[in-house]
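A.B. asks: Please read through the structure below; I'll follow up with questions.
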Ligand SMILES: [Zn+2]
């Protein structure tokens, strides 16, 4: 049986989005606008500064420089860690964008979702909740897919002795009522509609044997479309912050916290 409001959705998959936890601190959209620059160095610098302000005791920045002839001169990953590493959960998103694109849905929105979830988690831990074993990874150079410079590849090499047990990757997740996945190997996103999704860092983790789920978002009318209109602006100058929906950012952050909770009790 189909849903009346969203005819393309089976009734079993059609739920009203959960009420998001109110977001405290910096308004999400102003940070998003700040990050959505076509200057890749500024993008990296500004992310580092927002993370350093929010997580002075948790942030680590891992850098690798490359010889001339590589796809990039450097790879810089930003990591925000709760608890211990090794057998932990990774929540990841790439922060780079293709040249000339402001990279709002790909992938500034996911960066905001991770940043927001990590802030909320930090607040909960500060009020006495047990600290889960979770690292939030802001990876460089996903847009150099396949290159050794990819941030997720460098991350796995740096952490080969403390690999995560599971991972969830957020990409193109800033617009629409529905979070979707291309399958849920990590087992932390039950009930998300499944559909083909763009390649992302989850594939790198899967190749290393780490069960990894990719989460994207789409408007209800597009979630089963072969080429969703929302994804037509990716890698273009039109991927701008005004197309991002604040409610989707808030629900994405809540979804991350739900997954962290599921991982903790699993
Ligand atoms: Zn992307």
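The values are calculated or read from the model by the stated rules, or taken from the named source; none is laboratory data. Since we're looking at a predicted model, the values are computed, not measured. Every residue, glycine among them, receives a Cβ derived from its backbone with ideal geometry; neighbour counts consider all protein chains shown.
A.B. asks: Just to check your reading of the model, which residue among 192, 163, 214 is crowded, with 24+ Cβ neighbours inside 10 Å and touching a helix residue (DSSP H, G or I) at 6+ places or on another chain (Cβ under 9 Å)?
C.D. replies: Exactly one of 192, 163, 214 is crowded, with 24+ Cβ neighbours inside 10 Å and touching a helix residue (DSSP H, G or I) at 6+ places or on another chain (Cβ under 9 Å), namely 214.
A.B. asks: Checking residue 204 against (1) under 22 Å from residue 96 (Cα atoms); (2) surrounded by fewer than 23 Cβ atoms within 10 Å (Cβ to Cβ); (3) within 16 Å of the ligand (Cβ to nearest atom), which single condition isn't satisfied?
C.D. replies: (2)
A.B. asks: Take segment 164-201 and flag every residue that is more than 16 Å from the ligand (Cβ to nearest atom) and out of contact with any strand residue (DSSP E or B) (no Cβ under 9 Å at 6 or more places or on another chain).
C.D. replies: Scanning segment 164-201 gives 190, 191.
A.B. asks: With part of a loop (DSSP other than H, G, I, E, B), at pLDDT 95 or above and under 18 Å from residue 252 (Cβ atoms) as the only criterion, which of 123, 142 stands out?
C.D. replies: From the options 123, 142, the qualifying one is 142.
A.B. asks: What's the number of the condition residue 137 fails, among (1) under 19 Å from residue 244 (Cβ atoms); (2) surrounded by 24 or more Cβ atoms within 10 Å (Cβ to Cβ); (3) touching a helix residue (DSSP H, G or I) at 6+ places or on another chain (Cβ under 7 Å)?
C.D. replies: Among (1) under 19 Å from residue 244 (Cβ atoms); (2) surrounded by 24 or more Cβ atoms within 10 Å (Cβ to Cβ); (3) touching a helix residue (DSSP H, G or I) at 6+ places or on another chain (Cβ under 7 Å), the lone unmet condition for residue 137 is (1).
A.B. asks: Which one of the conditions (1) on the phi < 0 side of the Ramachandran plot; (2) without any contact (Cβ under 8 Å) to a residue 60 or more places away in the chain; (3) in a loop (DSSP other than H, G, I, E, B) does residue 175 fail to meet, given that it meets all the rest?
C.D. replies: Exception for residue 175: condition (2).
A.B. asks: Right, next: For the structure I just gave you, tell me whether residue 132 is over 24 Å from residue 159 (Cα atoms) and more than 10 Å from the ligand (Cβ to nearest atom).
C.D. replies: no
A.B. asks: Moving to a separate point now. Name the single residue that is surrounded by the most Cβ atoms within 10 Å (Cβ to Cβ) among those in segment 79-98 being part of a strand (DSSP E or B) and more than 16 Å from the ligand (Cβ to nearest atom).
C.D. replies: That would be 90.
A.B. asks: Are any residues in segment 207-219 more than 22 Å from residue 261 (Cα to Cα) and either assigned to a loop (DSSP other than H, G, I, E, B) or in contact with a strand residue (DSSP E or B) (Cβ under 6 Å, 6 or more places away or on another chain) (or both), and if so, which ones?
C.D. replies: Selection gives 208, 209, 218, 219.
A.B. asks: If you don't mind, there's one more thing I want to ask. Just a yes or no: is a residue in segment 178-198 at pLDDT 95 or above and in a helix (DSSP H, G or I)?
C.D. replies: Checking segment 178-198: not a single residue is at pLDDT 95 or above and in a helix (DSSP H, G or I).
A.B. asks: If you check residue 229 against the conditions, is it free of Cβ contacts under 8 Å to residues at least 40 places away in the same chain, touching a helix residue (DSSP H, G or I) at 6+ places or on another chain (Cβ under 9 Å) and over 22 Å from residue 84 (Cα atoms)?
C.D. replies: yes
A.B. asks: Can you tell which of 101, 152, 147 is surrounded by fewer than 24 Cβ atoms within 10 Å (Cβ to Cβ), within 14 Å of the ligand (Cβ to nearest atom) and under 26 Å from residue 64 (Cβ atoms)?
C.D. replies: Result: 101 is the single residue among 101, 152, 147 that is surrounded by fewer than 24 Cβ atoms within 10 Å (Cβ to Cβ), within 14 Å of the ligand (Cβ to nearest atom) and under 26 Å from residue 64 (Cβ atoms).
A.B. asks: Output the number of the condition that residue 251 fails; it satisfies all remaining conditions of (1) more than 26 Å from residue 31 (Cα to Cα); (2) outside any loop (DSSP other than H, G, I, E, B).
C.D. replies: (1)
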